């Protein structure tokens, strides 16, 4: 850069000597005044730098603004989907108000467990000891027995060591009773949980199970019980084809 | 020396207090700072050329700041505030450059 200067050129050596002389502190009115001015300048400089650090939006360039907008839009989308999720949760909770819903679910679980025979149960009911020295049981007799007990309100039934559930089956193999694939030798015990009076009455009806057993030369001993225990368990198997329809 | 110490003291004071710029001062402060810096570099150059004068320095700082503020004010009134501010920054920047170039030439001889 060529520049016309009003002062005669100074050699670097002179200039450095002058710098050293300037650095030496000299207290004079002018110096102090200059110092006051520089204090203000420094203060203003730092203040402005700090103010510029938190940039307002209108100082940003277009690309920065676009990026910022993208960012905000993406965040808004994320939050929007979160809102939807939380609202669905809230609806679900409102429909089955908390503890009540839990209580209902627990009750349903218990009744299902009893029906499926996966838990031991206790309660009042009847115990029958069936003896038939000559054998001669037919599956029909046993099916009739189960139907009669269920009609009389039996909530849990055990034949010998086997829990009788919805998909139990009964067969005769070599003259021996088979329940769910397990042989049940005579004499065997039948435990049914339910109202003892009704169950006993159902067993006593003419042409019922007791009559049939007597017909093949056996006998049935029926005892009411206040606290009977059905402890045989049925192992629930995972259904192979049936799938629950997902509830919305 | 004392003005240098003053500058450092001002910087420290600003960092410690970290004041918020009042709204009315916001458009003027950056321009004022640049104008003051121009005066400071001019002062250093003058000191190297042995023509430094306290009175000139103070007056030049104050007038620089004042004129810069006035230009910004005028620009804001005319609705060309940002363009005029840019113009002022460019001019002051050029002056700072030429002052620094002169200082460099004095100290380094190149």
Calculated from DSSP helices alone, with each H run of at least 4 adding -39500 (n - 2.57) and the total divided by the residues of the protein assembly as shown, [θ]222 nm to the nearest 500 comes to -20000 deg cm²/dmol
Taking every residue of A:108-119, the Cβ atoms of other protein chains inside 10 Å of its Cβ average out to 0
Computed on Cα atoms, the radius of gyration and Dmax of chain B in angstrom are 15.5, 46
Here the whole-number average of other chain Cβ atoms within 10 Å per Cβ of B:9-17 is 6
GNM of chain B, Cα pairs under 10 angstrom: of B:70, B:84, B:17, the biggest fluctuation goes to B:17
So the angle from the long Cα axis of helix B:54-78 to the longest Cα principal axis of chain B, reported in degrees to the nearest 10, equals 30
Using alpha carbon centers only, the stretch A:98-176 is separated from the stretch A:180-237 by a whole-angstrom value of 9
Taking Cα atoms, the helix A:29-53 axis meets the longest principal axis of chain A at an angle in degrees (rounded to 10) of 30
Computed over chain A: longest principal axis from alpha-carbon atoms vs helix A:99-116 long axis, angle to nearest 10 degrees, is 40
Label model pair residue A:99, residue A:111: point-to-point distance (7 angstrom along the Cα→beta-carbon line) in nm is 2.2
Residues of the stretch A:214-248 with backbone N under 18 Å of the label point set 7 Å from the Cα of residue A:88 along Cα→Cβ are A:245-248
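Which value in Å does the Kirkwood hydrodynamic radius of chain A take, with 1/r averaged over all unlike C-alpha pairs and then inverted?
Numbers: mean 1/r = 0.0362 Å⁻¹.
Over chain A, the inverse of the mean reciprocal pair distance is 27.6 Å.
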Once both label points are put 7 Å beyond Cα along the C-beta direction, the residue B:12-residue B:83 separation in nm becomes 4.6
The value for the stretch A:146-212 (convex hull of the alpha-carbon atoms, volume per residue, Å³) is 89
Expected sort for B:36-49, A:137-150 on mean C-beta neighbours within 10 Å, highest first, is B:36-49, A:137-150
With a Förster distance of 35 angstrom and the Cβ-Cβ distance between residue B:63 and residue A:26, calculated FRET efficiency to the nearest 0.05 equals 0.90
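If contacts are Cα pairs under 8 angstrom and at least 6 residues apart, what is the relative contact order of chain A in percent?
The normalised contact order for chain A reaches 23 percent.
We did not get these values from a lab; they are worked out from the coordinates using the rules stated. Everything numeric in this text was worked out from a predicted model, so none of it was measured. Positions of Cβ are backbone-derived with ideal geometry, glycine not excepted, and every protein chain shown enters the neighbour counts.
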